[in-house]
Structure formats: structure tokens, C-alpha cells
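Okay, so here's the structure we're looking at.
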Amino acid sequence: MGTHDEPSYLDEADEVYVRARWRNQFSNMANLPSHLQAKIDNRKGVLERYDQGTRENGHSLDSQAVVKLDKDLAGAGNRLIRQVYSGDRVEHSLLGRQERLISQRPSWHAPWALARVINGHVGWVRCIEVEPVDNEWFATGSDDTTVKVWDLASGRLKLTLSGHVMAVRDLAISERHPYLFSASEDKTVKCWDLEKNMAIRNYHGHLSGVHTVAVHPTLDLVVSAGRDSVIKLWDIRTRLPVMNLVGHKGPINKIRCLPVDPQVVSCSTDATIRAWDIAAAKCVKILTHHKRSVRDLALHPSEFSMVSACTDDIRSWKLPEGLLLTNFESANTGIINALSVNHDDVLFAGGDDGTLSFYDYKSGHKYQSVRTKQVPGSSESERGILCSSFDRTGLRLITGETDRSIKIWKQNPDATPETHPGIPWNPLLASQRF
């Protein structure tokens, strides 16, 4: 090739390899990236014009001429291909994304099925909390204003706690004290002594309904928030407010407490998640990736991360940085009301249309989707899932629903990857792992 020719950037073996990779990566795509399509169109146009001109002059384009012209035009294309497939750029190419997805092939999980239905409430079941020490009982709160305590093994009612005058929206159980805390639309938080089976303290101060409550795992603090958009920290022993955390622009749907910074995380109808430094009494991180009301938060039980859900979107986050980890496949899940994660990296999401969606937490792949079963006598509209919790082993999932029932779900112990493969995983359609 003369000095006027464009130099080739790939030797023969590399060119064969790149062409094979090119064909494998892009042959099934409906649309190539614009910069690649422009190169191809330009190359085809030159060949077509050259061929047309030679035919008009009474000549045909012989194979050697095609090869020569093809090589002459390949220089810029080779340069582009070299950039796309070079080691420092591959992470930003489509090939790099697909290779990352393949490396994130989801783990197999056994499917879940309904094991028991528990009835007892006469209103929607709004909240569930499992006893954190011995894993022997769980509590539920309802629109019927009561808190009920149930035996986890048998599903038998052990105790009913009455005292609120409006719906009970959230519950929290202390690991360090025999206390259960309940948050209600009646603007109060109550502390129940489970040894005396009675309310021993009332926490007053919210200006409107209290939607969420949490107990700090290492400090004698209970944290509450609700419709007034203010997070309040209370001294468990004295009932006195310790501080207010202000920043949300809408009602707060859920708060979670951690033993290390950020010690309080909250989500709101203002479409944000906020992380709070309680020593400095200020917000240290605002996550704005969601576009609609963030309805629930769940902490991973064995790693420092969390997952959040807005109306139709599920995302996981690395803590304490607040880095986005995964966008979950969340199509056809309805409005998501409830999230729970277990030690086996199973993420559950419950929707207001009665859909139970199960995901592999690491990859974001949805491997099972089922509809809840209505209890006899309830209407079609009363099949929404409002709350959920795994027990401490992660082997039982408890859901609270709008048909006023509590349902316990278990994994199929006889399932295998061969007999129950689940929803197929497609790496090109899978969730984004960041």
C-alpha cells in the first residue's frame, strides 16, 4: 500500500477476531449506536457510488478492487473498533455491559408458595414486625386500631393490645428491652411493655398522623415520622424529645435505623431518600434518583446496603455512600407498598394489585411472580399487599393485606433448578448493576 493509503490498525489475526466479535455483539440489534451506523453507512455509500460509476463506464467492480477499496476505507473504522474494544474503554461499551451482566448471572432460589392464612383483624393489616431475639412470635397493626401478637409456629393469637383510637401504621420491637412501639394516625407513638401487656408510655409531639417508627439498635432512642414531614427522636426512658430532623418536603413513609452512620435513613412522598447524622442533627445525603413517592425502605440483614421502592421502581443502594447499586426489573408489579430482604439474597416486593414479586438481590433478576389469594368473602379490589416481613431465619415470609388477612409463605423444599427454573434470565433485558 502506498504512502497515501490509510494505515491498518489491526493485523490479520486481530481483524478476524474483531469482525467475529462485531458480528456476535451487534448482529441481533435493531439499531446500532449512531456513530457506528454512520461509519457503516458511509462505507456502503462509497462502495455503491464506486460500483455505479464503474458500471456506467462499462466496467465491473472486480473482487480485487473491492478488497482494495475495503481496506482503504477500513482505517477510520479500525481506529474506532480499536477504541471500542481496547481495555480502557471496554467497560463503557455495549460489549462491556453484556459481559458484566453475564458475570452477574443470578443465583437460583426455590419458589415460594402460600403456607397459612391467619384471620383476626377487622381492618386492613398495615404493619408486621417479627420478634428479633427468639423468632417465636410476630406482631401486626391494623386499621381496626389494634395491635395483635401471634405465635409464629402455629399462627395462634396470643395477645391483643388496645389503646390507639385510629389506624396503627407501623411497629418496632426493641432487641434490648421488652418493648414494642406502635405508630398511629392518632398522632401518637405508644410504648408497650410486653411483660405487663400494657402501654407504659405515650410520645406526643407530632402534628399529624405518625406513619413510621423505628428503634435505634444501640442507643435508647425511638425514632418516628409521618405526615408532618418531621423526624422526631425520643428518649425511650423519659418520653422526652431529643431532637427534630427537618428537611423532607412531604409526608415521610418509612424510617430505618442503623448502628453506624448514617444512623437514620428516611424516605418520603417528595421522591427523595435522606440519610441523617444524628450526632450533628443534619442531613448528610439526599438521594434523588426516584421520580415518584418513595413508599418503602428495607435494609439488607447481612451487608451494608438497602433497597427502596417508589410507585413502580425498585433500586438498591450501597451504604454509607448512597451509591446506586442496582435497578431492579419492576415492570408489571403494580404500585409497590412493601419490601423485605432475607439472608439468602431474596428480595420480596408486594404490590397493591396483589402481586408478589421475588428477586435475586445481587443481580436484580425477578425469578418469580405470583398473585395472592383472596380470603372468602372479600372483593376483587381487596387483594393488595400493604406490608411484609421475613422471619429471622428468612425461611418464612409474612404479608399483611387489604382483605384483612395475614399470610405466611414458604419456599418449596423439593424444588430444584431443573424442576423449577423460574422466570428465564435474559442478560440483555436484565436490570442494570452499577
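The values are calculated or read from the model by the stated rules, or taken from the named source; none is laboratory data. What you see is a predicted model; the values in this text were computed from it and never measured. A quick note on method: Cβ atoms are made from the backbone with ideal geometry, for glycine too, and the neighbour counts reach across all protein chains shown.
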Checklist entry - Out of segment 281-327, which residues are in a strand (DSSP E or B), polar (S, T, N, Q) and either closer than 18 Å to P262 by Cα or free of Cβ contacts under 8 Å to residues at least 40 places away in the same chain (or both)? => result S305, S308, S316
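Condition check ((1) modelled with pLDDT of 95 or more; (2) in contact with a Pro (Cβ under 9 Å, 6 or more places away or on another chain)) across all residues:
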residue	(1), (2)
N253	yes, no
A280	no, no
P320	no, yes
G334	no, no
L339	yes, no
Next on the checklist: Please go through (1) under 29 Å from V133 (Cβ atoms); (2) crowded, with 19+ Cβ neighbours inside 10 Å; (3) touching a Phe, Trp or Tyr at 6+ places or on another chain (Cβ under 9 Å) for G350 and return the number of the only condition it doesn't satisfy.
Outcome noted: (3)
Checklist entry - Residue check: is K362 at pLDDT 90 or above and part of a loop (DSSP other than H, G, I, E, B)? => result yes
Next on the checklist: I'm trying to understand the selection: among the residues of segment 289-344, which are crowded, with 17+ Cβ neighbours inside 10 Å and among the charged types (D, E, K, R)?
Outcome noted: R295, D296, D313, R315, E329, D344
Checklist outcome for this item: Reported set for segment 129-158 where residues are surrounded by fewer than 14 Cβ atoms within 10 Å (Cβ to Cβ) and either among the hydroxyl-bearing types (S, T, Y) or not assigned by TED's automatic domain parsing to the domain that holds S174 (or both) is S154
Next on the checklist: I'm checking my understanding of the structure. Among residues of segment 379-404 that are crowded, with 18+ Cβ neighbours inside 10 Å and without any contact (Cβ under 8 Å) to a residue 40 or more places away in the chain, which one is nearest to the chain's Cα centre (by Cα)?
Outcome noted: R383
Next on the checklist: Cβ-Cβ under 6 Å, sequence separation 6+ or interchain: first residue in segment 418-434 and surrounded by 14 or more Cβ atoms within 10 Å (Cβ to Cβ) and of a type outside the set (A, V, I, L, M, F, W, C), partner in a loop (DSSP other than H, G, I, E, B) and modelled with pLDDT under 85. Which pairs?
Outcome noted: S431/E329; R433/Q104
Checklist entry - Taking segment 157-170, which residues are under 22 Å from E136 (Cα atoms), in a loop (DSSP other than H, G, I, E, B) and touching a strand residue (DSSP E or B) at 6+ places or on another chain (Cβ under 6 Å)? => result none
Checklist entry - If you take the residues in segment 283-316 that are β-branched (V, I, T) and out of contact with any Pro (no Cβ under 7 Å at 6 or more places or on another chain), which one is modelled with the lowest pLDDT? => result T311
Item to check | Every residue from segment 288-308 that is hydrophobic (A, V, I, L, M, F, W, C) and more than 14 Å from the chain's Cα centre (by Cα) | outcome: F304
Item to check | Those residues of segment 138-181 which are farther than 19 Å from F390 by Cα and among the polar types (S, T, N, Q), in sequence order | outcome: T145, T146, T160, S162
Next on the checklist: Checking S340 against (1) within 26 Å of W409 (Cβ to Cβ); (2) part of a loop (DSSP other than H, G, I, E, B), only one condition comes out false. Which one?
Outcome noted: (2)
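Yes or no, residue by residue, for (1) assigned to a loop (DSSP other than H, G, I, E, B); (2) of a type in the set (S, T, Y); (3) modelled with pLDDT under 95:
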residue	(1), (2), (3)
P376	yes, no, yes
S388	no, yes, no
G400	no, no, no
I406	no, no, no
P417	yes, no, yes
H420	yes, no, yes
W425	yes, no, yes
Checklist entry - Is it fair to say R274 is without any contact (Cβ under 8 Å) to a residue 60 or more places away in the chain, basic (K, R), touching a His at 6+ places or on another chain (Cβ under 7 Å) and more than 23 Å from D345 (Cα to Cα)? => result yes
